[in-house]
Amino acid sequence: MAFARLNGAVMHYEDAGARGGRAIVFSNSLGTDFRIWDGLLGHLPADLRVIRYDKRGHGLSEATAGPYAMKTLAEDLAALLDHLGVKDAAVVGLSVGGMIALGLASLRPDLVSALVLMDTAHKIGTVEGWNSRIDTVQRGGMAAVAEGILAGWFTQAYRDSVADFAGYRAMLMRNDIEGYTGVCAALRDADLTESTRALRMPTLCVAGEHDATTSPTLMRTTADLIERARLEVVRDAGHIPCVERPGEVAGLIAGFLKEATG
């Protein structure tokens, strides 16, 4: 395990793979830690330098006092990449991780050469919806929202038949309340429409077919903001396609990286 105090919080991260290879950075979704990427790593090209991290308030990273701002979460990732001496990385972001990737690309374009935006959007949800979730979690803990969240994360077939689902339920239930609601507040307050419209780097958008939160239709509105961005839909997957369809998602990423580097 590797930790560093960056931007006012202790961050947990992993820096693995080819030291001289192209850097690819993974930023995960609300309520998860960086283990959600485990299944696809073996399907990626072996010459990549793979960086994963737990965002502020998640996994083994420090849960500082909330609420958080999306700009702070982007600055956290920028600080980590500066700490590791990484520039021109391909940044893969899922859900809030995708918004962090968009924020990073606007804040520090020197750090980002390409984007993979997965089940995310330039704006997710409503103020009322996020305030309701924050209030529910603060009153009743993660158990009060777990079933609805898990139903969005994975298809019914996965929930019914794959033993790993119990592990992802445990991952969700173990979230720090301050950290979880702090990131909910960042999502509530973030509208990255105009900054996303200004981006010009190669971008691949990926959406799970059955994702009700950040649907393929919503992802299309984000792809349309970025010049030459394209959208791919992963069949038979919910909000976390990298878990349900790791080989397919890794293939999309690998093909995109090959195109983006010419």
Less than 21 Å apart at the alpha-carbon level, and either on another chain or at least 8 residues along: which lysines does that give for Lys87? Lys55, Lys71, Lys258
Sorted by chain and number, the residues with a modelled amide H under 5 Å from that of Val234, at a separation of 5 or more or across chains, are Ala207, Gly208, Glu209
What's the exposure ranking of Trp37, Trp153, going from fewest to most Cβ atoms within 10 Å? Trp37, Trp153
Please identify, among Asp191, Asp119, Asp82, the residue showing maximal mean-square fluctuation in a Gaussian network model of the chain using a 10 angstrom Cα cutoff. Asp82
Given the candidates Gly182, Ala198, Gly208, the one whose Cα lies deepest towards the positive end of the charge dipole of the range 167-209, counting +1 at each Lys or Arg C-beta and -1 at each Asp or Glu C-beta, is Gly208
Among bridges DSSP assigns within the range 16-128, what percent are antiparallel (round to 5)? 10
What value, in deg cm²/dmol to 500, does the helix sum -39500 (n - 2.57) over DSSP H runs of n ≥ 4 give at 222 nm once divided by the residues of the chain? -12500 deg cm²/dmol
Residue order, fewest to most beta carbons within 10 Å, for Ser61, Ser132: Ser132, Ser61
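Quote the charge dipole size of the range 2-260 about the Cα centre in Debye, to the nearest 20; the model charges only the Cβ of Lys and Arg (+1) and of Asp and Glu (-1). Before the final figure, lay out each step's value.
Working: 26 positive and 32 negative charges, 65 e Å.
Charge dipole, the range 2-260, about its Cα centre: 320 debye, nearest 20.
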In a GNM of the chain with a 10 Å cut-off on Cα contacts, which of Leu94, Leu115, Leu60 has the highest mean-square fluctuation? Leu60
How much of the DSSP bridge set in the chain is antiparallel, in percent, rounded to the nearest 5? 30
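Within the chain, which complete DSSP H helices have Cα atoms spanning at least 20 Å along the helix axis and a mean Kyte-Doolittle hydropathy of 0.0 or higher? Walk me through the numbers before you get to the answer.
Working: long enough: 70-84 (22 Å, 0.53); 246-260 (21 Å, 0.72).
Long hydrophobic helices here: 70-84, 246-260.
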Label Leu107 and Lys123 with points 7 Å out from Cα along Cα→Cβ: what is the distance between them in nm? 2.1
Prolate/oblate/rounded label for the range 168-262 (Cα gyration tensor, a/c 1.5): oblate
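Restricting attention to the range 90-188, which GluC sites (Glu not before Pro) occupy a DSSP loop and are surrounded by at most 15 other Cβ atoms within 10 Å?
Details: sites: Glu128, Glu147, Glu178; in loops: none.
Passing sites in the range 90-188 do not exist.
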Percent of all Cα-Cα pairs per 5 Å bin for the range 2-260, counting from 0 up to the last occupied bin, reads 1, 6, 14, 20, 21, 19, 12, 5, 1, 0
Given H placed on each backbone N at 1.01 Å, which residues far from Leu48 in sequence or on other chains put an amide H within less than 5 Å of it? Ala18
Could you tell me which of Leu218, Thr136, Ala237 has its Cα farthest along the dipole of the chain towards the positive end, charges placed at Cβ (Lys, Arg +1; Asp, Glu -1), taken about the Cα centre? Leu218
Once amide hydrogens are built 1.01 Å from N within the peptide plane, the residues lying 5 or more places from Val10 or on another chain with amide H under 5 Å from its amide H are Glu62
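Here, each number is a calculation from the coordinates, and none is a lab measurement. Here the structure is a predicted model, which is why all the values come from computation and not from measurement. FYI the Cβ positions are ideal-geometry reconstructions off the backbone, even for glycines, and counts take in every protein chain you see.
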